[in-house]
Amino acid sequence: MAVGRLGEEATPLDLARRIVDVAADRQAVDVVLLDIRPMASFADYFVVCSGTSERQIKAIVDTVLETLERDGFNAIHVEGAPSSGWVLVDFGSVILHVFAPGERDYYRLERLWSGAQTVVRVQ
């Protein structure tokens, strides 16, 4: 359990849902929350979404980082850049992937992790 302003003890699912909400509020496209617990030991959930431009990808990532920090959760690691078309934000139990549409189609994480249960999809 993580301690933060999401509640006395926020679960990884609470954290993942908060990330989904923040990304959707920044107009992220096709936001998907995947439960990867049965298949992975390094994280519990993936949040995958797209931004339609470098500027929007940056806005999604920056807003998630700022909002979650205010909520008491700091990212462990951020990798990639909006100009590359893929930014990964690692919160430990939850990993956020923000893609440009072309890169998302190329890497097809949802297909790669097709055994994962889709918990939430916001289109």
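Of everything in segment 17-73, what is over 14 Å from Val94 (Cβ atoms), outside any loop (DSSP other than H, G, I, E, B) and in contact (Cβ under 8 Å) with a residue 40 or more places away in the chain? Give them in sequence order. Passing the criteria: Ala24, Val29, Asp30, Ser50, Glu54, Ile57, Thr63, Arg70. If you check Ala100, Ala81, which single one turns out to be surrounded by 12 or more Cβ atoms within 10 Å (Cβ to Cβ), of a type outside the set (Phe, Trp, Tyr) and either over 18 Å from Gln27 (Cα atoms) or out of contact with any Gly (no Cβ under 9 Å at 6 or more places or on another chain) (or both)? That would be Ala81, the only listed residue that is surrounded by 12 or more Cβ atoms within 10 Å (Cβ to Cβ), of a type outside the set (Phe, Trp, Tyr) and either over 18 Å from Gln27 (Cα atoms) or out of contact with any Gly (no Cβ under 9 Å at 6 or more places or on another chain) (or both).
Evaluate segment 50-71: report whether one residue or more is of a type outside the set (S, T, N, Q), surrounded by 13 or more Cβ atoms within 10 Å (Cβ to Cβ) and at pLDDT below 95. Yes, because at least one residue in segment 50-71 is of a type outside the set (S, T, N, Q), surrounded by 13 or more Cβ atoms within 10 Å (Cβ to Cβ) and at pLDDT below 95. Search segment 85-123 for residues being out of contact with any helix residue (DSSP H, G or I) (no Cβ under 7 Å at 6 or more places or on another chain) and small (Gly, Ala, Ser), and hand back the single one that is nearest to Arg70 (Cα to Cα). My answer is Gly92.
Let's see how each residue does on (1) more than 11 Å from the chain's Cα centre (by Cα); (2) of a type outside the set (D, E, K, R):
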| residue | (1), (2) |
| --- | --- |
| Leu34 | no, yes |
| Pro38 | yes, yes |
| Phe46 | no, yes |
| Ser50 | no, yes |
| Ser53 | yes, yes |
| Arg70 | yes, no |
| Phe73 | yes, yes |
| Ile76 | yes, yes |
| Gly80 | yes, yes |
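Being surrounded by 15 or more Cβ atoms within 10 Å (Cβ to Cβ) and either farther than 11 Å from Val47 by Cβ or among the hydroxyl-bearing types (Ser, Thr, Tyr) (or both) is the filter here; which residues of segment 14-29 pass it? Result: Asp14, Arg26, Val29. Being part of a helix (DSSP H, G or I) and without any contact (Cβ under 8 Å) to a residue 24 or more places away in the chain is the filter here, so list the residues in segment 86-103 that pass it. Hits for segment 86-103 are Gly102, Glu103.
The values are calculated or read from the model by the stated rules, or taken from the named source; none is laboratory data. Everything quoted here is computed from the prediction, not taken from an experiment. Heads up, the Cβs are rebuilt from the backbone with ideal geometry, glycines too, and the neighbour counts pull from every protein chain shown.
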